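Every read-out reported here was derived from the displayed coordinates using simple, explicitly stated rules and does not represent laboratory data. Keep in mind the model is a prediction, meaning the values are calculated, not measured. Neighbour counts run over all protein chains shown; Cβ positions are idealised from the backbone, glycine included.
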Amino acid sequence: MKHITLISIFFIYSFYGNSQDLLRFTTTPITSTDLSSVSSAKSFTATDPIFFAFELHSVQKMNLHAHESILIAFKVLENGTQSIEDYEVLATQDENGVIRGKGVILPQENISESFEINTIYKDDFHYRFLMEMRSESEKTSKWKLAIDQFRVSIYDNLKKRAITIDFGVMSEDVKRFPQFANKMQPIFPLKKPSIFTMEISKNYPFEKMIEKTNEIAIATKNSIYDKLSGETKAPTEFLSDDFVGFENEIMRPQVEKLTTKFFEGTAYTWSKLSYFSNVVNIDKNELGIPNYKYFYLGFYAKKNDGKCAYGTITIEAVYLGSGKYGNYKTGNYQLTDCKCD
């Protein structure tokens, strides 16, 4: 009963917002971890960079894996009503549940210190934001912006994909994120929207800045992946090398040939094959007629740069009709670099 009460209090608390949620906008990088001591600028000139930092107390402590990152998406509005785009920023959460992060909303040309592009998504916020800003510069010299809510998402840096934590949460993750399992989306309103006004100029180098911010976002994503993949070993299920095949379907020697061909011309050479399907599955259309049959194969591979890798390959055969299937071929795959076992 105590547990249920605490969860209930959490949802009520989150729904009405939290006065401790802090957002700050400045013309210089924010280095203080105590945002209550930082004054937030309300207006910016056309030559100012716009730095951003936040401290959020509305989210219950999350059970994250070491290779996962928090992304906070702030809903940015122009003139207080029209949504421009979600501003997704990498963040961390401490033991007390406080989420912190920072970045830059508007960098300045030829000022490297202003490029705190703290995201892993290229063509996301800054592309749409700068395109909207350029359109607005044709009509006015001042632009009013506001942030009224934020959304929480989790990104798996090794699998290179976002993981579901809201309504429809994956079964493998539902126990880790109980605070989001019954929410359509993990969105939290700010008790008071953060608002500022900026002067804008038609002479701002929009295309150049979009290119530079995208380069930094890609580099950030690759850097995180390279670091983690160099430190993390493959899960044990990829190391069992227990695949022998399926009777009357396909046996290991044939799968070895398919896997060898699959890796031809790549930087990888496979060394272990493991079961990731207990049976051969059949995909059917709405009339019950087979489309193809398939199974998942786990692999462990050596890489020519000294790293290793693990992942899964789909082995599938297309249905030809009259109860017959074509030859098995390799289909979709997932691969993650890792530290060699």
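Per-structure values
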item	result
Least to most buried among Val152, Val244 (fewest other Cβ within 10 Å first)	Val244, Val152
Shape category assigned to the range 106-240 from the gyration tensor of Cα positions, a/c cut at 1.5	oblate
Residue order, fewest to most surrounding Cβ atoms within 10 angstrom, among Thr81, Thr312, Thr197	Thr81, Thr197, Thr312
The chain, relative contact order in percent, only Cα pairs under 8 angstrom and at least six apart counted	14
Rounded to 10°, Cα long-axis angle of helix 252-263 versus longest principal axis of the chain	40
Label point at Glu256 placed 7 Å out along Cα→Cβ; residues across the range 306-335 whose backbone nitrogen lies under 12 Å	none
FRET efficiency estimate (nearest 0.05) - Cβ-Cβ, Lys175 to Ile111, R0 41 angstrom	0.35
Packing-based order for 286-295, 49-58, 62-71, using average beta carbon neighbours within 10 Å, highest first	49-58, 62-71, 286-295
Calculated FRET value between Thr28 and Arg161, using beta carbons and R₀ = 25 Å, to 0.05	0.10
Quarter of the Cα convex hull surface for the chain, i.e. its orientation-mean projected area (nm²)	23.3
The range 236-338: proportion of alpha-carbon pairs further apart than 15 angstrom, %	62
Tilt relative to the chain, helix 2-15 - C-alpha long axis, 0 to 90 degrees, to 10	50
Global form of the range 40-90, assessed from the alpha-carbon gyration tensor, a/c cut-off 1.5	prolate
For Val89, Val98, order by how many other beta-carbon atoms lie within 10 Å, fewest first	Val98, Val89
Angle between the chain longest axis and helix 125-137 axis [Cα atoms, degrees, rounded to 10]	40
Test item: Cα-centred dipole of the range 236-338, Lys/Arg +1 and Asp/Glu -1 on Cβ, debye	240
